[in-house]
Amino acid sequence: MTAGSGMTKGGPVADAANTARKNALQFVLTVGVLSFFADFTYEGSRSMVGPYLALLGAGAAGISIVTGFGEFVGYGLRLFSGPLADKTGKFWPITIAGYVVQMSSVPVLALTRSWKIAALFVVLERVGKAIRNPPRDVMLSHAGKQIGRGAFGVHEAFDQLGALIGPLLVAFIIAGHGSYQFAFGLLLIPGLACIGIFSSHVGGIQSLKTWRSTFPPSTQRGFR
């Protein structure tokens with residue numbers, strides 16, 4: 001009886017652990033695909049931002065200031081977005097907001113005719129990345145705890161693949177069409193794919209209650 005009772009008790013525990021691991025892996029893969037399309041979009045954009053600003057009339061100093069300030073904002077804002085996510089527990093809403101800001105800023109560059117207006121969207125793209133990275137990485141770290149290893153490696157593989165393909169495609173487009181506006185416009189496609197995947201998967205991802213018990217109390221509120 002005792003042995004039988006132990007087996008009965010161990011079964012659900014093992015099933016719960018397997019479900020948690022499976023859901024965590026699903027989370028990592030989904031975020032990896034999101035990062036592929038996100039990097040495809042913004043790395044493709046960043047590969048031509050300098051020449052595009054120059055085409056619109058910006059000088060070397062202006063381009064340096066815009067891109068440098070964008071990087072400063074992109075890292076500096078993480079000092080606020082990270083603690084905000086940790087304090088409120090709204091990890092997914094903050095992550096989604098960052099992705100939407102970033103993915104929408106890139107294709108809008110196709111419509112700009114002034115380098116000063118374009119500069120605003122270049123910086124805004126960096127703002128979006130600063131908003132979404134800290135809360136996303138916290139969730140990945142806890143998913144990795146469930147999987148055991150490889151969460152950031154899998155994510156980085158998707159990330160770097162997108163960062164490779166995006167600029168290559170942009171180079172072929174500009175070589176063939178000679179139009180920066182056309183290239184920026186086409187980056188709307190992977191940007192929409194990124195947001196579309198969020199829309200179709202976020203409900204399932206947010207319901208990972210089998211492994212959110214491993215999160216600190218503040219982070220659990222974002223997964224209710």
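Quick note: the coordinates plus some simple rules give every number you see, no bench work behind them. Keep in mind the model is a prediction, meaning the values are calculated, not measured. Heads up, the Cβs are rebuilt from the backbone with ideal geometry, glycines too, and the neighbour counts pull from every protein chain shown.
Here are the numbers for this structure:
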item	result
Ranking of Phe27, Phe69 by count of other Cβ atoms within 10 Å, fewest first	Phe69, Phe27
Neighbourhood charge, 13 Å Cβ-Cβ cut-off, centred on Gln160 and excluding it, Lys, Arg +1 and Asp, Glu -1	-4
Range of Cα positions in the stretch 142-186 per principal axis (Å), largest first	48, 15, 8
Size of charge dipole - the stretch 117-161 - debye, nearest 20, with Cβ of Lys, Arg +1 and Asp, Glu -1, no other charges	140 debye
Subset of Lys90/Lys116; Lys22/Lys87; Lys87/Lys145 violating a 23 Å alpha-carbon distance limit	Lys90/Lys116; Lys22/Lys87
Sequence-separation-based contact order of the stretch 59-134, relative, with Cα cut under 8 Å and 6+ spacing, percent	50 percent
Proxy reagent accessibility, fewest Cβ within 10 Å first, across Val31, Val127, Val73, Val49	Val73, Val127, Val49, Val31
P(r) tail fraction, the stretch 31-223 - alpha-carbon pairs more than 20 Å apart, %	57 percent
